[in-house]
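Have a look at the structure below, then the notes.
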Amino acid sequence: MRTRTLAATIAALTLAGCATSATETAGGSKEMKLAFDFTDANPVVLLNKLNNVDVTRKQLIESGVTPRIVMTFRGNASFFTQTNLAAVKEAERADALKVAAKLREMKKAPGVQGLEQCNLPLADRKLNPADLMQEVKLVPNGWIALGAYQQQGYAYIAP
């Protein structure tokens, strides 16, 4: 009984935090700039995070706020921006293809400004910049790119 009560309380508190409209959380602004920084080594986790970004994008639009979303990929997330999956563990390739499909979908979605891959981690992971998905832009240094976005008013988010 205590477990159910505790679970219900946690669920209510969690949902209460989500009850605020995007317009309210945007401070009345009609635009929200978000820069998401992905470094996930697990394609299932990465896909879930991409889906959450997509839900966020849709919620902003539904509430009248124009999203300006940039998604950056560094570290082990770099494996999942490639067209050549040879470096991806065989057991993860099907999920890596789902990530690629989601990236292609999101690149076309209203409010998504860009997808960017940091060049720095590619060599260490034996990834070829020529194998980068066409939807993803290669940038020399993802940290510098993220810093520049922050200077333009983008909020840095590391999901």
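Each of ARG125 and LYS107 was given a label point 7 Å from its Cα along the Cα-to-Cβ line. The distance between the two points is 1.7 nm. The fraction of accessible area contributed by carbon and sulfur in region 96-143 is 54 percent, rounded to a whole number (1.4 Å probe; ligands and nucleic acids excluded).
Taking packing as the residue-averaged number of other Cβ atoms within 10 angstrom, the listed peptides 62-68, 126-132, 74-80, 96-102 run from highest to lowest as 74-80, 96-102, 62-68, 126-132.
Radius of gyration over Kirkwood radius for region 46-159, both on Cα atoms: the Rg/Rh ratio is 0.97.
Distance distribution P(r), region 92-159, all Cα-Cα pairs, bin width 10 angstrom from 0: 17, 44, 35, 3 percent.
Residues within the reach of a label modelled at ILE61 (point 7 angstrom out along Cα to beta-carbon, backbone nitrogen below 12 Å), restricted to region 27-53: there are none. In this simple spin-label model, placing a label point 7 Å from the Cα along the Cα-to-Cβ direction at both GLN134 and ASN48 gives a separation of 3.3 nm. Counting only protein heavy atoms and a 1.4 Å probe, region 46-144 has 51 square angstrom of accessible area per residue.
The values are calculated or read from the model by the stated rules, or taken from the named source; none is laboratory data. Quick caveat: nothing in here was measured; it's all calculated off a predicted structure. Please note: Cβ atoms are built from the backbone with ideal geometry, for glycine as well, and neighbour counts cover all protein chains shown. For accessibility, only protein heavy atoms count, side chains too; no ligands or nucleic acids. Shrake-Rupley method; radii C 1.70, N 1.55, O 1.52, S 1.80 Å.
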